[in-house]
1. Here's a check for you: in region 41-68, which residue that is under 19 Å from VAL14 (Cα atoms) and of a type in the set (A, V, I, L, M) is modelled with the highest pLDDT?
2. From LEU20, LEU62, grab the single residue that is touching a residue at least 40 places away in the same chain (Cβ under 8 Å), within 27 Å of THR7 (Cα to Cα) and surrounded by 15 or more Cβ atoms within 10 Å (Cβ to Cβ).
3. Of all residues in region 45-59, which are in a helix (DSSP H, G or I) and surrounded by fewer than 14 Cβ atoms within 10 Å (Cβ to Cβ)?
4. Could you say whether any residue in region 23-40 is touching a Ser or Thr at 6+ places or on another chain (Cβ under 8 Å), at pLDDT below 95 and on the phi < 0 side of the Ramachandran plot?
Amino acid sequence: MGKAVKTERQHLAVLFAGNLHGLRMEKGISMKQAAADLGVARSTWCQWEQGTRLPPAFFLELLSEYFDVPSCRFLALHPAACFPPDVGIRSRRVNY
């Protein structure tokens, strides 16, 4: 793996870790409980929160449902940067 790719992956892992930890704390859920609820080993969850491992891509949807947030929330630099799917600019038809 090239150095740039490894650095990018590490950056994503740290970003994901912080967001996952923050959401878990915000919801008042223990690491042990979250891991059990989603059927993963506590050690795996711990690695996710430490930024040493990333979950498989499909798991983002499970985490999204579990925490009731859009999946982009786990990789957003700031929570406000990720909007729910139903929020956005609605186009209007203009007749000339």
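1. Going through the qualifying residues, I end up with LEU63.
2. One residue alone meets the criteria, LEU20.
3. Taking region 45-59 and keeping what is in a helix (DSSP H, G or I), we get 45-50, 59.
GLN50, the sole residue that qualifies.
4. Within region 23-40 (the criterion being touching a Ser or Thr at 6+ places or on another chain (Cβ under 8 Å), at pLDDT below 95 and on the phi < 0 side of the Ramachandran plot), the answer is no, since none of the residues qualifies.
The values are calculated or read from the model by the stated rules, or taken from the named source; none is laboratory data. Note that this is a predicted model, so its numbers are computed, not measured. Methodologically, a virtual Cβ is constructed for each residue, glycine included, from the backbone with ideal geometry; neighbour enumeration extends over all protein chains shown.
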